[in-house]
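Here the structure is laid out as C-alpha cells; the discussion comes afterwards.
The values are calculated or read from the model by the stated rules, or taken from the named source; none is laboratory data. What you see is a predicted model, and the numbers here were worked out from it, not measured in a lab. Here Cβ is always computed from backbone atoms with ideal geometry, including for glycine, and neighbour counts include all displayed protein chains. Heads up: the accessible areas ignore ligands, DNA and RNA and are worked out on the full protein's heavy atoms, side chains in. Shrake-Rupley method; radii C 1.70, N 1.55, O 1.52, S 1.80 Å.
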Amino acid sequence: MKQYRPDVERQKWLYSMMKSRAWMRRRQGKSEANSCIAAGKKQIPDNSEPWLPGGVNSVADAMWISDQIKETAKQWGISLPPQN
C-alpha cells in the first residue's frame, strides 16, 4: 500500500489559516482599544510642521527645501549621502 504524504504547501496554508482564525478570535474582544484608529483619528499627534504651508508646488520649492536640509546638516555636522 502506498504511503499517504500530504502536500507541504497545503499543510502550511492550513496552519496559517488556523493561526489567523485564532488571532481573530482573540482580537474580537479588543476592538474598543483601537476605536480611535478605526474612526480615523491619530493616536499620536504629529510633532512636525510642513516645510511650506501650501506644500511643494514646483521644482523651485523642492530645491529650496533641499538647500535648507543641506544647511541644517552642515550646522549639525551630519554628512549626507552622495548624490548621483
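Structural remarks
- Where labels lie 7 Å past Cα in the beta-carbon direction, separation of GLU71 and MET1 in nm: 8.3
- When nucleic acids and ligands are ignored and a 1.4 Å probe is applied, ASP61 ends up with an accessible area of around 40 Å².
- LEU52 exposes around 40 Å² of accessible area when a 1.4 Å probe is run over every protein chain in place.
- Heavy-atom accessible area ranking, 1.4 Å probe, most first, across ILE78, ILE69: ILE78, ILE69
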